[in-house]
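K.L.:
Provided herewith is a single structure, encoded as structure tokens, for subsequent inquiry.
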């Protein structure tokens, strides 16, 4: 993963996104999900466990937590290129952000979505 958070970034790991952050040596400020993909439930004060039966995706829950924390710009890494239903749901998160947030990005190294450089950019 080609990602290094800035000092004031709020890093949220959604479900198995925690695994990628750990492999990159990046600490998550918040870990959220139903953890069906991670296959284990992390522990810690910064973990929010969601029900497996829910209407929203783990990514949408992560974005909502970022909004609660006062953030208005989101970069979603690993949100496309895997399961098609998750990819579509994550693109809906990007599209549904308008007009509230400046822009969001979704990055995945092998995504079939057209890219500008290494990022698919959805400007609103």
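The values are calculated or read from the model by the stated rules, or taken from the named source; none is laboratory data. Bear in mind that the values here come from a model prediction, so they are computed numbers and not experimental data. Note that each Cβ is placed from the backbone with ideal geometry, even for glycine, and that neighbours are counted across all protein chains shown.
K.L.:
How many residues does region 24-35 hold that are modelled with pLDDT of 90 or more, at negative phi and either out of contact with any strand residue (DSSP E or B) (no Cβ under 6 Å at 6 or more places or on another chain) or surrounded by fewer than 13 Cβ atoms within 10 Å (Cβ to Cβ) (or both)? Full working, then the answer.
P.N.:
As a first pass, look at region 24-35 and keep what is modelled with pLDDT of 90 or more: 25-35.
Then drop every residue that is not at negative phi, which leaves 26-32, 34.
Checking the rest, the ones that are also either out of contact with any strand residue (DSSP E or B) (no Cβ under 6 Å at 6 or more places or on another chain) or surrounded by fewer than 13 Cβ atoms within 10 Å (Cβ to Cβ) (or both) come to 26-27, 29, 34.
Total satisfying the criteria: 4.
K.L.:
Answer with yes or no whether residue 74 is crowded, with 19+ Cβ neighbours inside 10 Å and either closer than 20 Å to residue 3 by Cα or modelled with pLDDT under 80 (or both).
P.N.:
For residue 74, the condition - crowded, with 19+ Cβ neighbours inside 10 Å and either closer than 20 Å to residue 3 by Cα or modelled with pLDDT under 80 (or both) - is met.
K.L.:
On to the next question. Looking at region 36-46, can you tell me whether even one residue there is in contact with a helix residue (DSSP H, G or I) (Cβ under 8 Å, 6 or more places away or on another chain), modelled with pLDDT of 90 or more and under 19 Å from residue 66 (Cα atoms)?
P.N.:
No, region 36-46 contains no residue that is in contact with a helix residue (DSSP H, G or I) (Cβ under 8 Å, 6 or more places away or on another chain), modelled with pLDDT of 90 or more and under 19 Å from residue 66 (Cα atoms).
K.L.:
Could you tell me which numbered condition residue 95 fails, if it satisfies all but one of (1) at pLDDT 90 or above; (2) at negative phi?
P.N.:
(1)
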